[in-house]
Amino acid sequence: MVATEVVRNGVSTSVQAYKMPSGQYMTYFGAGVDAVCEGTDQKLLADSAESLGDQKVINLYGHVRYREARMRVTADKMVYWTAEERIVLEGNVDGVTSTGTHFKAPTAVYWRAIPTQRRTAKLDATGRPDIWISPKDAGTKEPKDSVNIKADRVISENDSLVWATGRVEINRPDMMATGDSAYLDNGKETLDLLLHPKVEGRGESKFSLVGDHIFVQSRQRQVERVKSSGSAVATSDEVKLKADTIDMRVADQKLQRAFAWGPKRAIADAQNRQITADSIDVVMPGQVIREMRAIRDAMADSHPDTTKILSKEMDWLRGDTVVATFEQAAASDTSNAPAIKQIVARGKARSFYQMAPSGATEKTDKPNINYVTGRLITVDFLQREIHTVTVIDRAAGFYLEALADSTKVKAKAAADSAKAKAATDSAKTKTGKPGAAPAQRKIP
């Protein structure tokens with residue numbers, strides 16, 4: 001704003017002006033102020049105001065309203081530093097841009113765009129502002145695609161670049177993101193989250209990702225990539241991943257693929273199996289797991305059949321690589337989760353599996369043991385249980401069948417003998433001696 005103001009005074013407006021030694025004026029306006037800045041589109045309205053010529057400052061008090069082509073804002077108090085085009089707003093700040101971005105805050109500072117100092121406008125809102133980035137600023141046309149940002153402090157440059165700090169919450173139709181620091185570039189459609197960040201998908205199939213640093217990439221305002229670095233954990237209904245770095249690909253608000261790797265090794269838990277390797281690739285179109293590839297020093301662990309076996313040992317399969325495939329659960333499967341179909345280990349492969357003795361009707365703590373090694377081991381499953389184990393090249397190993405417990409065998413034999421003797425004694429009591437005709441009683 002230039003130093004010259006045009007004031008339209010109401011009937012009751014009072015004006016007092018004092019000329020300062022510098023030749024500038026200190027002017028006070030009361031009982032209503034309606035001013036426009038000469039040569040600009042700016043307009044100021046308030047209950048009262050003071051213009052300090054020496055400082056090039058205008059203070060406005062009570063029901064303050066500021067208007068320009070790009071911004072409309074109201075507040076309880078406003079301080080306008082005309083030389084630097086900086087506007088300080090205090091108390092019940094409520095503003096909206098020409099594109100529809102809306103913000104509320106206890107305090108805010110607005111820098112106007114001026115050719116000699118800054119090319120773009122800037123807003124710095126504090127006191128936990130609530131900001132709704134309009135669909136137009138967010139790059140969309142649908143009202144439902146608005147983005148809501150809440151944080152202790154939000155800095156916005158031309159409504160395109162946004163920095164947020166302190167308990168950050170970013171709500172979008174396709175996801176919810178939180179952290180203690182965030183940087184949003186609406187033009188590039190990227191989001192960076194730091195300090196305890198978390199991203200949650202909002203589609204029908206839920207997923208979440210946490211870590212030290214999360215990067216989100218969108219296209220046409222739909223998330224297509226979410227990457228977490230440092231102590232990353234990804235969770236969905238189908239699989240849980242842990243690694244130093246997890247990179248997930250998303251389409252239609254559902255996970256399609258996930259990559260996990262890092263020095264601390266990657267771990268995947270899926271369908272009661274844990275797979276560990278230097279890196280893991282999970283293929284899950286439509287967020288339904290289909291294949292899991294574990295690369296380099298890979299291992300797949302699982303508990304033996306707990307309905308038949310009592311054991312503290314885990315079943316396992318190891319190799320240079322391990323590939324597990326899953327199939328859609330049968331209609332009769334009440335778990336409604338993809339069933340394990342096959343696990344293949346390649347390169348220095350070895351496996352250890354525990355099986356219940358044939359014909360066993362009770363749980364046993366002495367299962368049969370199958371241990372094999374080879375170049376390639378394939379384990380096929382039928383109805384979620386091991387069906388066959390196939391070894392190709394350099395096959396070796398052993399199969400141990402648990403022997404019956406001799407003490408239990410003797411006890412069972414003794415019990416059977418006792419039952420037989422009891423049956424014989426009962427027959428003697430009824431007949432007198434075995435095989436004899438029933439005793440007859442003579443009637444006198």
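Just so you know, all these numbers are worked out from the coordinates, no wet-lab data involved. Computed from a predicted model, the values in this text were never measured in an experiment. Ideal geometry is used to build each Cβ from the backbone, glycine not excepted, and the neighbour counts take in all protein chains shown.
Tabulated data
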{"quantity": "Rounded to whole Å, sorted largest first: equivalent-ellipsoid semi-axes of the stretch 186-316, Cα gyration tensor", "calculated": "29, 16, 12"}
{"quantity": "Length added when fully stretched, LYS341-LYS188, from 0.36 nm per residue minus Cα-Cα", "calculated": "50.9 nm"}
{"quantity": "Stretchable slack from GLU204 to SER229, in nm (0.36 nm times residue separation minus alpha-carbon distance)", "calculated": "6.4 nm"}
{"quantity": "Dipole in debye (nearest 20) - the stretch 22-132, about Cα centre, beta carbon charges: Lys, Arg +1; Asp, Glu -1", "calculated": "420"}
{"quantity": "Taking the stretch 260-386 and dividing mean pair separation by its residue count, relative contact order in percent (alpha carbons under 8 Å, at least six apart)", "calculated": "20"}
{"quantity": "Cα-based shape type of the stretch 168-212, given that a ≥ b ≥ c are square roots of the gyration tensor eigenvalues and the cut on a/c is 1.5", "calculated": "oblate"}
{"quantity": "Computed over the stretch 155-234, Cα set: Rg, Dmax in Å", "calculated": "11.8, 35"}
{"quantity": "Values of log10 I(q)/I(0), in the order q = 0.29 Å⁻¹, for the stretch 195-256 under a Debye, Cα-only, solvent-free model", "calculated": "-1.32"}
{"quantity": "Normalised contact order of the stretch 153-255, rounded percent, pairs of Cα under 8 Å and 6 or more residues apart", "calculated": "18"}
{"quantity": "Overall form of the stretch 239-334 per C-alpha gyration tensor (a/c, 1.5; a/b vs b/c)", "calculated": "oblate"}
{"quantity": "Residues of type aspartates and glutamates that LYS242 reaches as a straight line, Cα spacing below 19 Å, ignoring anything fewer than 8 places off in the same chain", "calculated": "GLU200, ASP212, ASP269, ASP278, ASP281, GLU291, ASP297, ASP301"}
{"quantity": "The stretch 350-397: C-alpha gyration tensor shape, a/c 1.5 cut-off, then a/b vs b/c", "calculated": "oblate"}
{"quantity": "Net dipole in debye of the stretch 165-274 [+1 Lys, Arg Cβ; -1 Asp, Glu Cβ; about Cα centre; nearest 20]", "calculated": "240"}
{"quantity": "Dipole magnitude of the stretch 219-298 about its Cα centre (Cβ charges: Lys, Arg +1; Asp, Glu -1), debye to nearest 20", "calculated": "180"}
{"quantity": "The stretch 176-254 and the stretch 68-94: distance between their alpha carbon centers, rounded to Å", "calculated": "36"}
{"quantity": "Three principal axis lengths of the stretch 52-140 [C-alpha, angstrom, descending]", "calculated": "46, 31, 20"}
